[in-house]
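The values are calculated or read from the model by the stated rules, or taken from the named source; none is laboratory data. Quick caveat, the model's predicted, so the values are computed rather than measured. FYI the Cβ positions are ideal-geometry reconstructions off the backbone, even for glycines, and counts take in every protein chain you see.
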Amino acid sequence: MDNITIARLLDETASLLEIDAGDPFRIRSYRRAAEAVEQQTTQLSTLVAEPKQLLAIAGIGKGMAANIVELVSTGTMPLREELLQKYKPTMLELLRLPGMGPKTVALLWSALSVSDIDALETAAKEGKLLELPRMGQKFTDKLLKGIEDYRRNSSRFRIDDAREHADRISALIQTFPGIDEITPAGSLRRGRETVGDLDLLVTGPACEPNVVSAAVEHVAALPLIDKLLAKGQNKVSFTLRNNLQVDVRLLPRASYGAALQYFTGSKMHNVALRQRAIKRGLTLNEYALARLDDNTIVAARTEEDIYRALDLDYIPPELRENSGELEAAANHTLPQLITLTDIRGDLHMHTDATDGRNTIREMAEAALARGLSYIAITDHSKNLAMTNGLDDTRALAHIQRIRAVDAELQSEHKGKIRVLPGIEVDILADGSLDLADETLAQMDIVVASVHSHFAQPIEEMTQRVLRAIENPYVRILGHPTGRKVLGREAIAVHIEQILKRASELGVAVEHNAAPARSDLNDLNLRLAKQHGCKIVVNTDAHTTAELAQISYGITQLRRAWLTPADILNTCPTAKALLTNLRPRP
Ligand code: DGT
Ligand code: CA
Ligand code: CA
Ligand code: ZN
């Protein structure tokens, strides 16, 4: 049994546990073990006689080592067999559909023997779901629409997913001697929210034409390859277990810039750039920018050289979508795009008082370690019962705790970080807010968000949000579109009308940095700026680790051409920030 098979079986067991509504930590441990196994360059089947060596692998503990020994010697393991008596691994895909929980999936299996999406679609179309409890026509219609959305989306991967895989593959390629640089190109480098396939470019002495074949063999033998699709002179294509395709190109240093430019795209940007080259008597391809008449190379080593030779300022990858960037680069009017270090605070995060995992103090210390000068703690309000949302009494008590931590940290760290009391208050179905005005009046940061009744018709939803931001205590509109990337579609709202009113009222609109959320896309962000909206970028972190998600938010802001001046939480201090937010009544 090879490593990729062991990894698949462990991952499948995690899926089965998920359908069984198992312990999330146990599920995570199987997933982590699967990832660790497929990273190994030694075949584990040769190590099972010496289980100690298995324990040396990070992510594999005693129990998991025993599982692996069992898998290698018997082809399966007891937990897996036990779960397979009840479920099928394909059922996991069903959990990705709207309205599907583990119980529903189990019921579909026991009542209709449905275990995959195709069978579910057939059953739904034949009206078989109507016979089951709590599954009416409305559920069936929503489900069929969900299946359609899922099929459309399932060939793409979220940016954080793609980034993680790119990092893991790069770490493995890097182990080969003579590799200097590995750069993810394509849509990942441009920072799109989703990625179709990974394009990895590699350079270094090992990639020079006379020696590259050894490096190609190394890449083609990477342990995490599921299917090898193609192996050429300097290119290897393969898929991973999750079907993500990866194209690795090994390139000589002298033409790395030309390759990087070409494979970063976008296609439309490249077409426009090539036209500009031709007008100047030049030709541009993945090898070089060269003269049309005698093929003399004009630039090839770096991207900067190529853009300069075309009389253009350097164009950051996030802007390469052929939406005005060439003209701006020619006129020296490209914006000074915002960067991670411009962000001074984070105004939306949760703690263990509701559905977050860490305490107020832990969140604050993690923010301090990340170099932030202020944060707001904004836990959920009571309408979100499944998060243990705060009612007025608990919210007021929570503020006292936040103020206490703020005072402690101020004396411990000489005012380096401020912790502001806040709330993420639910916008109820009629546009009223979930907590009393007197409670909201005690908060520095009131984020108002739609978290329920997502299906309201567009006029009703628009009026609902407009009513909410009329409340004078609301300073930030959270989740302005409520969408989930590759998941839930945006709520139906007249977004421009909302942005206009928010701008008039001085209510800031939030770009949610979580890659699953990315609430305002690049177009909406540009629209928000056009209407003069105040914009904030927040992580909505539910753990200290999630504070790092801010970088994905920055990427989207850059794609929208935004500068530090466009974003409120670039203000250097909490005081400066508060004077720039909507004044309190
Ligand atoms: P994706 O993978 O769908 O998320 O999007 P990309 O942009 O990564 O597209 P991909 O992987 O098909 O190609 C990577 C880059 O290579 C693309 O952004 C531009 C360049 N490229 C690919 N095919 C062509 C082509 O036919 N003409 C030109 N000019 N460039 C191309
Ligand atoms: Ca790609
Ligand atoms: Ca590609
Ligand atoms: Zn939140």
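Can you work out which of the residues in region 216-234 that are in a loop (DSSP other than H, G, I, E, B) and of a type outside the set (S, T, N, Q) is nearest to ligand 1 (Cβ to nearest atom)? Lay out the reasoning, then the answer.
Keep residues of region 216-234 that are in a loop (DSSP other than H, G, I, E, B), which gives 221-226, 232-234.
Checking which are of a type outside the set (S, T, N, Q) leaves us with 221-226, 232.
Details: A221: 23, L222: 19, P223: 24, L224: 19, I225: 18, D226: 18, G232: 16 Å.
Result: G232.
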(request) Quickly run through region 176-192 and pick out the residues that are more than 10 Å from ligand 2 (Cβ to nearest atom) and either of a type in the set (K, R) or in contact (Cβ under 8 Å) with a residue 24 or more places away in the chain (or both). (result) F176, P177, G178, I179, D180, E181, T183, G191
(request) Pull up region 514-539, narrow it to residues that are touching a Ser or Thr at 6+ places or on another chain (Cβ under 6 Å) and more than 21 Å from I159 (Cα to Cα), then point me to the one that is surrounded by the fewest Cβ atoms within 10 Å (Cβ to Cβ). (result) G532
(message) List the residue pairs whose Cβ atoms are under 7 Å apart, where the first residue sits in region 193-221 and is away from ligand 4 (no atom under 16 Å from the Cβ), the second is part of a helix (DSSP H, G or I) and of a type in the set (K, R), and the two are 6 or more positions apart or on different chains.
(response) T203/R253
(message) Of everything in region 370-387, what is farther than 20 Å from L577 by Cβ and out of contact with any His (no Cβ under 8 Å at 6 or more places or on another chain)? Give them in sequence order.
(response) S381, K382, A385, M386
(message) Condition first: surrounded by fewer than 16 Cβ atoms within 10 Å (Cβ to Cβ), of a type in the set (A, V, I, L, M) and in contact (Cβ under 8 Å) with a residue 40 or more places away in the chain. Can you find one or more residues in region 331-346 that meet it?
(response) yes
(message) Give me the strands (runs of 3 or more DSSP E) completely within region 255-310, filtered to those with at least 2 residues that are in contact (Cβ under 8 Å) with a residue 12 or more places away in the chain and surrounded by 14 or more Cβ atoms within 10 Å (Cβ to Cβ), ordered by residue number.
(response) 282-284, 297-299
(message) Among (1) away from ligand 3 (no atom under 15 Å from the Cβ); (2) touching a Lys or Arg at 6+ places or on another chain (Cβ under 8 Å), there is one condition A259 misses while meeting the rest; what is its number?
(response) (1)
(message) Can you tell me which of (1) buried (at least 20 other Cβ atoms within 10 Å of the Cβ); (2) at pLDDT 95 or above is the one Q497 doesn't meet?
(response) (1)
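Every residue, every condition in (1) within 16 Å of ligand 1 (Cβ to nearest atom); (2) part of a helix (DSSP H, G or I); (3) at pLDDT 95 or above; (4) within 29 Å of A367 (Cβ to Cβ), yes or no:
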| position | (1), (2), (3), (4) |
| --- | --- |
| K416 | no, no, yes, yes |
| D426 | no, no, yes, yes |
| T439 | no, yes, yes, yes |
| Q442 | no, no, yes, yes |
| V446 | no, no, yes, yes |
| A455 | no, no, no, no |
| M461 | no, yes, yes, no |
| R464 | no, yes, yes, no |
| A468 | no, yes, yes, yes |
(message) Which pairs turn up if I take residues in region 366-392 that are closer than 17 Å to N569 by Cα and look for partners that are small (G, A, S) and assigned to a helix (DSSP H, G or I) with beta carbon separation below 6 Å, at least 6 apart in sequence or on another chain?
(response) Y374/A574; I375/A367
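Is there a residue being small (G, A, S), under 19 Å from the mean Cα position of the chain (by Cα) and under 16 Å from D247 (Cα atoms) anywhere in region 171-181? Walk me through how you get there before you give the answer.
Looking only at region 171-181, we keep the residues that are small (G, A, S), and these are 171, 178.
Subset that is under 19 Å from the mean Cα position of the chain (by Cα): none.
No, region 171-181 contains no residue that is small (G, A, S), under 19 Å from the mean Cα position of the chain (by Cα) and under 16 Å from D247 (Cα atoms).
Filter region 189-215 for residues that are of a type in the set (V, I, T) and surrounded by fewer than 22 Cβ atoms within 10 Å (Cβ to Cβ); which is farthest from ligand 3 (Cβ to nearest atom)?
Within region 189-215, the match that is farthest from ligand 3 (Cβ to nearest atom) is V211.
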(message) Among the residues in region 436-449, are any assigned by TED's automatic domain parsing to the domain that holds A514, within 29 Å of L95 (Cβ to Cβ) and either of a type in the set (K, R) or touching a strand residue (DSSP E or B) at 6+ places or on another chain (Cβ under 9 Å) (or both)?
(response) yes
(request) Give S170, S213, S155 a once-over and let me know the one that is out of contact with any Asp or Glu (no Cβ under 8 Å at 6 or more places or on another chain), of a type in the set (S, T, N, Q), within 16 Å of ligand 2 (Cβ to nearest atom) and in a helix (DSSP H, G or I). (result) S170
(request) Can you confirm whether region 415-432 contains a residue that is touching a Pro at 6+ places or on another chain (Cβ under 7 Å) and closer than 23 Å to N538 by Cβ? (result) no
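If I filter region 251-260 for residues that are of a type in the set (F, W, Y), closer than 25 Å to G191 by Cβ and within 16 Å of ligand 2 (Cβ to nearest atom), do I get at least one hit?
Within region 251-260, none of the residues are of a type in the set (F, W, Y), closer than 25 Å to G191 by Cβ and within 16 Å of ligand 2 (Cβ to nearest atom).
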